[in-house]
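Here is the structure we will look at.
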Amino acid sequence: MPTMRSVPLGREPGDAEIASFADLIDRPLLIVGNGPSSAMPPYHRIPADVVVFRMNWFFLESNYHFGDRVDAYFSAIPNEKLEKLLQDEVRSGRYDVRRILSPMRHAANRDGDKYGLEPMTGVEELDSWSIPARHPRLARAFMSRPGLPTTGMQALAFGLGVGFREVYLAGVDLYESKDSRYGYTVTQAAESALKDKDLTPGYESAHGLDSDLAFLRSCLAEFPDAKIRSVSQSDTLHLFVPPADDELTDRPHLTPEAVPTLAVSKDTVDLELPEVGEDTSVIIPKVDGPLWKEIDGRKCAYVTVVSGSYHHGARALANSLREHSDVPLIALVTPDADRSALAASGIRTIQVPGIRNPMNSGGNKIQARFAMTYTKLHVFRLDFFDRLVYLDSDTVVKGSLDELFDGDDFAAVPDAGLDLPDGNVFNSGVFAVNPSHGMFEKMMSQLAHTTSYDGGDQGFLNQFFSDWRKLPLEYNTTKRIYSHHPQVFNEEDVKVLHYVGRKPWEPTSKGERYDQLDYAWLDYLSDWEKNELVRELRHTAAGGKPPEAGSSSPFRQAQQANRTNKANEAVRLLEAVIAEREPTSGELRELAKAYRRLGRHDDCARVLKQAYAIDPRRSVMKDMMLAQARSIKKKLA
């Protein structure tokens, strides 16, 4: 185990830390905990020039919710897996971490350092407890366990102690959510290093709400001139720290123009557990390309929600949408969604925690399909977009929808199915909206007190949006009205076909009225996507474990070929992809790996140059320069 840090006898505790931050304290400070609100924060409430503090397993996020620069990283508990994965994030260039703050001294390969870690090359290491040690009111809280402040509160004390006086708290939710502990999905790689207490909602035994609130009050008393504001989701926190202003009127707020990587998807690392052999690190590649398209000066995107097996539906939706629009599709994915499958199909993702149906409590029972449908409400908080068109992941697009990006209102289609359209109620499977974090917060505050007529999100949203614009039926034609009331519309006019009820990818034991529509849905899957669906259904029917989704994609096949020393096969697979479409940076890097193993260093350098043009990160540049050096060396030999 690492030893605690010590302070040289000729220096006061905290001197080095104060000096390190001296040039930054005139800027606002953003402390980001890992609670659910750390995902997709309200950027319009956060100044553009913030200094960013992150902590613990933050790098598990699926997107750069606060950009890739980390001015200070905090960790208070020794965890070998955590620190090794963090080192990989730093060395790969996925994050630019400037300082490591910890009360422990990391291993330095000296006698007695048994922790097995290598030094964090190029990253300044500082003592996070040295600053509270200068303030007796705060230091007292560090002298016993249980009762230690959580890492977010420790970071707050440190920031105030080194001199920051304008502070914003994000993701510091005081564990109020009963559904989610974090704003990201805990990967297999991380889960193996955590305990049950680290994976379940609520405080663990070593900490407590009382301790955090007492420590917060001590910070407020110790630094009365500090202005602390919250962009977190915690009613309890807001009793002591007011929410940030809804709009910053005196200066720019956080935007992709100020922070180019803001909200961009990123590579994430997980583990494969093969039946034989050691654990293998697997990178789920990010999907290249912008998150939005500008239409009339507004950032616009399509968005869907994916959980469980709905990646099959999202694949059909994405393929059908590409035939009619070049506006990106974003998938909000819950922890049980298969992000590898979505990445293999080129679908951009943002991880979100599930929102449990409030109707499913207090003895109330709802249909299983409605248990997590309220997760859709995350769509309304995506206010780094100006206009969104939402599509359920059981829809397919049959015509242009881009005209729905016009307007500023909430627009939807009257509900219709077995019955004819009801002009008083809309179907929530397709809608257009200008997202607003304030709107999302209002929804969450009303959630527990609003009755839903259908037990799901549709009933709630109809209560919330009493004023809505009616769209023609063609924008959300359910398969039921398609089958039961064909005279109401012309088939050629249908723009969105909605597969309500049983899904086309779900097994059924008998023929149904909608079989022909289900067969038509299959046409929207590529050949390899159909192959994966068939294999999954066969394994399910046999009672076995389904194969890993995404494993049939050319990229994953090439990865497997490279792992098994079949570089020629990897080249064949990926060169075929390049002949058909623009490759992703992940595909180009995998192709470069195969070229390198075959000694084709010129080709390796060439495709890495293409990859760097798509994904200009330091890690890609480093690989490109090494490939160029190998090419020159081979020519000189």
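Of the residues making up the range 574-587, those that are modelled with pLDDT under 90 and either surrounded by fewer than 19 Cβ atoms within 10 Å (Cβ to Cβ) or assigned to a helix (DSSP H, G or I) (or both) are A576, V577, I578, A579, E580, R581, E582, S585, G586, E587. The conditions of being farther than 30 Å from D250 by Cβ and not assigned by TED's automatic domain parsing to the domain that holds G354 are met by P8. For the range 112-134, filtered to residues that are farther than 21 Å from A72 by Cα and surrounded by 13 or more Cβ atoms within 10 Å (Cβ to Cβ), the residue that is modelled with the lowest pLDDT is Y115.
Test each condition in (1) free of Cβ contacts under 8 Å to residues at least 24 places away in the same chain; (2) under 29 Å from the mean Cα position of the chain (by Cα) for D422 and report the one that comes out false. Just one mismatch for D422, condition (2). Number of residues in the range 404-442 that are among the hydrophobic types (A, V, I, L, M, F, W, C) and in contact with a Gly (Cβ under 6 Å, 6 or more places away or on another chain) equals 0.
Residue under question is A155, and the condition is that it be modelled with pLDDT of 85 or more, in contact with a strand residue (DSSP E or B) (Cβ under 6 Å, 6 or more places away or on another chain) and either within 30 Å of G346 (Cα to Cα) or part of a loop (DSSP other than H, G, I, E, B) (or both); does it hold? So A155 does not fit the description; no. Among the residues of the range 187-202, is there at least one that is β-branched (V, I, T), assigned by TED's automatic domain parsing to the domain that holds D88 and modelled with pLDDT under 95? Yes. In the range 604-637, how many are part of a helix (DSSP H, G or I), of a type in the set (G, A, S) and more than 24 Å from Y95 (Cβ to Cβ)? Matching residues across the range 604-637 total 3.
Buried (at least 22 other Cβ atoms within 10 Å of the Cβ), on the phi < 0 side of the Ramachandran plot, of a type in the set (A, V, I, L, M, F, W, C) and part of a strand (DSSP E or B): which single residue out of V425, V430 fits that description? Selected residue: V430, the only one of V425, V430 that is buried (at least 22 other Cβ atoms within 10 Å of the Cβ), on the phi < 0 side of the Ramachandran plot, of a type in the set (A, V, I, L, M, F, W, C) and part of a strand (DSSP E or B).
The residue list E548, E529 contains one member that is under 24 Å from the mean Cα position of the chain (by Cα) and modelled with pLDDT of 85 or more, which is E529. Residues of the range 401-412 that are at pLDDT 95 or above and either of a type in the set (G, A, S) or not in a loop (DSSP other than H, G, I, E, B) (or both): D402, E403, L404, F405, A411, A412.
Among the residues of the range 203-223, those identified as surrounded by 13 or more Cβ atoms within 10 Å (Cβ to Cβ) and not in a helix (DSSP H, G or I) are Y203, E204, A206, H207, G208, F223. Entry remark, the range 433-471: residues being more than 23 Å from the chain's Cα centre (by Cα) and assigned to a loop (DSSP other than H, G, I, E, B) number 12 in total.
A single member of A170, A139 is touching a Pro at 6+ places or on another chain (Cβ under 6 Å), at pLDDT 80 or above and crowded, with 24+ Cβ neighbours inside 10 Å, and it is A170.
In the set (1) out of contact with any Phe, Trp or Tyr (no Cβ under 9 Å at 6 or more places or on another chain); (2) crowded, with 16+ Cβ neighbours inside 10 Å; (3) modelled with pLDDT of 90 or more, the condition left unmet by A226 is number (1).
Quick check: is even one residue across the range 436-446 touching a residue at least 24 places away in the same chain (Cβ under 8 Å), farther than 26 Å from S37 by Cβ, crowded, with 16+ Cβ neighbours inside 10 Å and of a type in the set (S, T, N, Q)? The answer is no; no qualifying residue exists. Meeting the requirement of 3 or more residues that are in contact (Cβ under 8 Å) with a residue 24 or more places away in the chain and either touching a Pro at 6+ places or on another chain (Cβ under 6 Å) or of a type in the set (A, V, I, L, M, F, W, C) (or both), the strands (runs of 3 or more DSSP E) wholly within the range 1-95 are 29-32, 51-55. Just to verify a result, which residue in the range 96-111, among those that are crowded, with 19+ Cβ neighbours inside 10 Å and outside any loop (DSSP other than H, G, I, E, B), is modelled with the lowest pLDDT? Among those residues, the one meeting the criterion is M104.
The values are calculated or read from the model by the stated rules, or taken from the named source; none is laboratory data. As the structure is a computational prediction, the values presented were derived from the model and not from experiment. All Cβ positions, even for glycine, are placed from backbone atoms using ideal geometry, and neighbour counts span all protein chains on display.
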